[in-house]
Amino acid sequence: MEKLQSLRGMVDLLPEQTALWQQVEAVAREQFRRAGVQEIRTPILEVTELFCRGIGEATDVVGKEMYTFLDRGERSCTLRPEGTASVVRAAIQHGLLSQGAQRLWYGGPMFRYERPQAGRQREFHQIGLEFLGFADARSDVEAISIAWDLLTQLGIEGLVLELNTLGSASDRACYREQLVAFLQTHRDQLDPDSQDRLERNPLRILDSKNPATQEMLAGAPTLADALSEESRERFEQVKRALRALEIPFSLNPRLVRGLDYYSHTAFEITSNQLGAQATVCGGGRYDGLVEQLGGPSTPAVGWALGMERLVLLLSKLDASQPAAPDLYLVNRGLVAEAEALVLARRFRLAGMAVELDSSGSAFGKQFKRADRSGAAWAAVLGEEEVERGVVRLKSLRSEQPEQEFSLADEQAVITYLRT
């Protein structure tokens, strides 16, 4: 029989790998709590039209990368390739926007049919933030600062904030005309992907990784030249606020986000520890998306960070191990094993992390496992201890003498361990 394996680009997270994931999630939750950002959870599966309308049919995501199929009701369904469109759909559907501006965050798996590589799989995970109903330039900066502080608290090194403005919709329309006119005169110098994007999504050509295309683009018009005075002033406000927060940034006039709904502020946070795939967080303003998806005209800004790349970075910095239990419960004998199950539960209900040895093997082997667990103490329960109504407490990391406590008084054990 053929051995069953996961699909290419769909990766199992084994117990020894989840410690870093939990660390990232815990730090993110705490950062969002401090900033008054509430969690929202949306389905993994959505109607395909949501992403066609929200992301843009001319994008690579919709055109090449989505997992789309017909369900039994002949509805076209898609595994979500990103989180923003789903959050906006949920906010519209449930009337959240009528309740005032929303500060939301999400986390979970996304799916894109791409070539798997280090830090990016076909099933990948994101944590994202969405501010819906915020128009002021300060909200752009607050969103960026939450991401920056999250990454800094995690200990990510070599961080660089790259910043650009995409201007208003009218600015972009004006610039698009200028850019297309320039690119048409240099069409034969474009790589095949860029030639394909020329008609569908010309701004994405600016983000081409082809060296020859990038060299040719050195003479292309810039979006900065097409900005209105209002858009220029708005971008200046963003830069002034970032300087006030002492968040360093570098301007990148070639930075464009890959989705159609972005406008004004666009940014990426990169790390020099990741090589070519350097981006760990990206986002920007998307004032037209809510209306595009059937809601009221609503300003918005947000970002998403990639969990796989963060974990890859953290694994280089710190080979974190799962947290050790407070107590390892060694036990042997029918009566003792039954009593140990009860005792372990009582300790856990009292707030302790307890690993119960269920092997039934000799005490010597159990003590070896207790030592490997990282626990500082072992509670020992054999037939003799049960008969006397006691549990022995043995230090695994010091020469402290053994202690005995009544089986009926787990609180005395807890008090002893915490002093």
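Some points to look at:
- With neighbour counts taken as other beta-carbon atoms within 10 Å, the residues Leu13, Leu150 rank, fewest first, as Leu13, Leu150.
- This ranking places Leu329, Leu334 by how few other beta-carbon atoms lie within 10 Å of each, fewest first, which gives Leu334, Leu329.
- Put a plus charge on the Cβ of each Lys and Arg, a minus charge on the Cβ of each Asp and Glu, and nothing anywhere else: the dipole of the chain about its Cα centre is then about 140 debye.
- Using the Cβ of Val11 as centre and a radius below 15 Å, the other residues enclosed give a net charge of +1, where K and R count +1 and D and E count -1.
- The phi-based Karplus calculation (6.51 cos²θ - 1.76 cosθ + 1.60; θ = phi - 60°) puts the 3J(HN,Hα) values of segment 384-400 at 5, 5, 4, 4, 8, x, 10, 10, 8, 10, 10, 6, 9, 10, 8, 9, 4 Hz, whole numbers, x for Gly and Pro.
- Choice from Pro116, Pro211, Pro248 with maximal GNM fluctuation in the chain (Cα, 10 Å cutoff): Pro211
- Report note on the peptides 394-400, 200-206, 167-173: ranked by the mean count of other C-beta atoms within 10 Å, highest first, their order is 200-206, 167-173, 394-400.
- When you count the other C-beta atoms within 10 angstrom of each residue and take the mean per peptide, 279-290, 119-130 line up highest first as 279-290, 119-130.
- The amide H of His264, built 1.01 Å from its N in the peptide plane, has Leu166, Gly167, Ser168 as neighbours under 5 Å, considering only residues 5 or more places off or on other chains.
- Positive minus negative residues near Phe134 (Lys, Arg vs Asp, Glu; Cβ under 14 Å): -1
- For segment 315-379 versus segment 100-119, the spacing of their alpha-carbon centroids is 37 Å.
- Taking the Cα centre of segment 327-417 as origin and assigning +1 to Lys and Arg Cβ atoms and -1 to Asp and Glu Cβ atoms, the resulting dipole is close to 400 debye.
- Along the axis of the charge dipole computed for the chain (Cβ charges of +1 for Lys and Arg, -1 for Asp and Glu, origin at the Cα centre), the listed residues Tyr262, Leu13, Val87 are led at the positive end by Leu13.
- With a simple spin-label model that places each label point 7 Å from the Cα along the Cα-to-Cβ direction, the separation between Cys77 and Arg120 comes to 2.8 nm.
- Student exercise, segment 90-144 dipole from Lys, Arg, Asp, Glu Cβ charges, in Debye to nearest 20: 260
- Dipole of segment 327-417, positive end: most advanced residue of Gly382, Ser361, Val342 [Cβ charges, Cα centre]: Ser361
- Ordering of 406-417, 33-44, 138-149 by packing is 138-149, 406-417, 33-44, highest average first (other Cβ atoms within 10 Å, averaged per residue).
- Electrostatic bookkeeping for Pro299 treats Lys and Arg as +1 and Asp and Glu as -1; over the other residues with beta carbon under 9 Å from its beta carbon, the sum is -1.
- In the chain, helical runs assigned H by DSSP with n ≥ 4 each contribute -39500 (n - 2.57); averaged across all residues and rounded to the nearest 500, the mean residue ellipticity at 222 nm is -11000 deg cm²/dmol.
- Two tests apply to each whole DSSP H helix in the chain, Cα reach of 20 Å or more along its axis and mean Kyte-Doolittle hydropathy of at least 1.6, and none passes both.
Taken together, the values in this text are just the output of simple stated rules run on the coordinates, not laboratory data. Since we're looking at a predicted model, the values are computed, not measured. Neighbour counts are summed over all protein chains in view; Cβ atoms, including those assigned to glycine, are modelled from backbone coordinates with ideal geometry.
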